[in-house]
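Encoded as structure tokens, the structure appears first; notes follow it.
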Amino acid sequence: MATVQLSADFLAVSTEKILAAAKLLGIQVVLSEGGERTPCDLPVPVLDLPSGQRIRHTNAVLKRIGQISDSSLTGSSFIEEAQIDSWLEWVALEVDHHDLSNSESLKLICEALEAQLKSRTFLVGQRLTLADVSAALSLREALEKAGMDTLRETYPSVIRWARTCYHQVGNVSPPKAAPKASPAKAQPKAAAAAPQEAKAKAKAAAAAPTAAAAAPAAEAAEGGGSSKKDEKKKAKEEEKRRKEEEKKRKEDERIAAQNAKFAGPSLTLEDFENHAFGNLFIQSQRRTDREWTPVSALDPSKKDQQLWVRARVHNSRKQGGKLCFLTLRQDVATIQAVVFGPEIAGFAGALPDESVVDIYGKICCPDVPIASATQSNVELNVEKLYCIGRSQALPLQLADASRSEKDFEKDPSLVRVGQDVKLDNRVIDLRTVANQAIFRIQSGVCTLFREFLLKNSFQEIHTPKLIGGASEGGADVFRVDYFEGNAFLAQSPQLYKQMALMTDMPRVFEIGPIFRSEKSFTHRHMTEFTGLDIEMTFKDHYHEVLEVLDGLFNHIFEGLNSRFKREIDAVREQYPFEDLKWKYPCKRLTFKEAIGLLRSKGPAVLEKRLKAAESDYDRGLIQRHLDSVKVHEDEEDISTEDEKVLGVVMLEEFGEELYIIDKFPKDTRPFYTMPDPKDARWTNAYDIFLRGEEITSGAQRIHDPKMLTERCQAMGIPPESIQPYIDAFKYGSYPHAGAGIGMERVVMLFLSLNNIRKTSMFPRDPKRLTP
């Protein structure tokens, strides 16, 4: 952990900003009372670096410590860095230099921020940055004095942003104390866990000055220093502070005593049965005869049965001294548990959210259904309660991470958790009901994929992911050290699927990782994803493969709708969407026909968007796209935006969101793609689209080694780098074709989600390698 020396005024907001930023960046600050002052008496923090360099002023210090650690706090691009700099300057000039106790000044600032934050989570980009830290902390005191609930009525976006920032900034951990200073200088003190505590220490230090500090104070008094009135005021404030601290201390002691009272005994599997509640540590001491029931299986048919359940505490509500309600959660199912009794209810009420518990209880049927639980017609009367995994303070609240856009429309002041924050805390984020459902559906896609192909005489294979040459050609490949040479991470199992067919395995498939070194930050690209690949020989025409793919997708979508209705509804609760519309067999058209449809019907779609556009910038983008669609050439590649417009046209014209485009231009396909036999401009290649986005790419492959070598050379791929692949076709080869399907993209589009990272458990992109 990097360590820096900071001289600053303990009472200053600038110090609070620097400590907060350092905490977020994982930098240890050794804080000494001091710093400098501007001519107008504003504090100037001074940062001392190990190199001997001194950095002065708040913004300069913030930016410098931001450079010490690689973090998005300083921005994810040059543009974001510039925007952060601008906001830091704005805070310094417009916020820090104005009296925010003046309601008019605060109003002007809130109006400016409200305009910026109406459609954004943070000031810059999609994550908390130094700009947010600086602005939010400068405003905190003024917002609290004015009343956040009151301000929320006029500035809902500002208050929502502020609360999100304060939640993420949290408390500032105490940095390591500085070495003791010489008597002639101010005594250094370690920064406290929160700015308020730092202020208290500074006041305490001022209340008991050393002899060295007392002399200048006396001289100041003789020279017309503070008046007796000021001294009385200070003494009164100090007395008030001491009383508040004493009140807080007693309250903390009361809470600690209460928590200790309800902490519960420590138990093991050897003795837990002798206690009705407690903290059970399972170390595999023995097997018990407990029989478990899933939460999803709890229904009125089990009325009056006594059973064991293991689940998480979703939330708790203590009512009086003897009653506590727990909401228990297990994957996408929830149930209400009722705990009665002074000690066991106290234990239950003290359980932190997300703790894992074992509960033995009796199933009852309430008179009124419990709307907040999925198992609404039953509840669990708790007889025994054991905490087997106590949760610590959560980095984000599941309630915040689970909200839908409808929730924010009803109450804009609710905390909105950004996507990057969710991904940074993915283990917690994945516990939300919607995410549990998404990944059950993802599992279902793979199960249905495998199920259909096995029924149709396909054989599952597993191909290497470390290869000697680029499997797709081009530069989008990860190079890795491999002993004395280099290897590459496979861009697809393409070459090995084909080689497998030449070993007389007529139909093969694989589910495995795909690696693409594409510096793309779009909603549908990742550097690692899961590929669902098939390859098969055919008798006469590669359309035999298209028929298999059409049947495959029909099987997957029908299976999801019939087997995963509960999960689909759970996703829809947070991310509302329309059911997928498709037909079997699906609509099929050539690339040339698709472009003709785009030219003829696409402009009407874009003209509607042009009328609805709210900014000149959006109108300019749409107009340029409209102009290009009208003159789109037959052999010109189709862009992502073109695909989306064509998806709207296909739905409006044919009522279908699943369709196949066949016969792609040769310049848009890989080296192993078979040319069209009638017109060399085209190929026997196809893509499958879902809701206007590509989910599958495939083609008939070249199975003639001479033609394959010529295509390699034409595309700049050294044939020797894939010689074993070419050699596989020298000894008798079958005509064949196949396809690669992006699993995460299928799930994303089936559920109509807006970003592929929602359907990847731990996504990888150019900016993310953790967690």
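Derivation of every value follows stated rules applied to the coordinates shown; laboratory data play no part. Computed from a prediction, not measured in an experiment: that's the story for all the values here. Glycine gets a Cβ as well: all are built from the backbone with ideal geometry, and neighbour counts include every protein chain shown.
The table below gives the values:
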read-out	value
Mean Cβ neighbour count within 10 Å, used as a protection proxy, ranking 285-297, 442-454, 359-371, 391-403 highest first	442-454, 391-403, 359-371, 285-297
E111 versus R624: modelled label distance in nm, points set 7 Å from Cα along the beta carbon direction	3.4
Eligible aspartates and glutamates near K303 by straight Cα distance, threshold 16 Å, same-chain separation 8 or greater	D367, E379, E383
Estimated [θ] at 222 nm from DSSP helical runs (n ≥ 4, -39500 (n - 2.57)) normalised by residues in the chain, nearest 500	-13000 deg cm²/dmol
Additional length obtainable on full extension of the chain from K730 to D569, 0.36 nm per residue less Cα span	52.7 nm
Efficiency of FRET between H462 and M761 - r from beta-carbon atoms, R0 25 angstrom, step 0.05	0.80
Ordering of 588-594, 28-34 by packing [mean C-beta count within 10 Å, highest first]	28-34, 588-594
Cα-Cα over 27 Å, subset of K455/K678; K497/K758; K118/K581; K23/K261; K465/K758; K410/K767	K455/K678; K497/K758; K118/K581; K23/K261; K410/K767
Inter-label distance for R56 and D99, nm, one decimal - labels placed 7 Å from Cα along Cα-to-Cβ	2.8
The range 569-648 - percent relative contact order, Cα under 8 Å, separation 6 or more	38
Cross-link reach list, aspartates and glutamates versus K243, counting only Cα pairs under 19 Å and skipping chain neighbours closer than eight places	E197, E231, E251, D252, E253
Label point distance in nm, E544-T150, each placed 7 Å from Cα along Cα→Cβ	7.9
Fraction of beta bridges assigned by DSSP in the range 1-108 that are antiparallel (%, nearest 5)	55
Options (i) 27.2; (ii) 31.3; (iii) 37.1 - which one matches Kirkwood radius over Cα pairs in Å as calculated here	(ii)
Extension gain from Q305 to T590, taking 0.36 nm per residue of separation minus the Cα-Cα distance	96.4 nm
The chain, relative contact order in percent, only Cα pairs under 8 angstrom and at least six apart counted	8
Protection proxy ranking, peptides 623-634, 638-649, 479-490, average beta carbon neighbours within 10 Å, highest first	638-649, 623-634, 479-490
Rounded FRET efficiency, nearest 0.05, which uses the C-beta distance separating A297 from K581 and R0 of 30 Å	0.35
Over 21 Å between alpha carbons, listed pairs K248/K318; K322/K384; K583/K608; K608/K644; K318/K384	K248/K318; K583/K608
Alpha carbon centroid spacing (whole Å) that separates the range 490-518 from the range 618-632	39
Efficiency of FRET between K240 and R37 - r from beta-carbon atoms, R0 35 angstrom, step 0.05	0.85
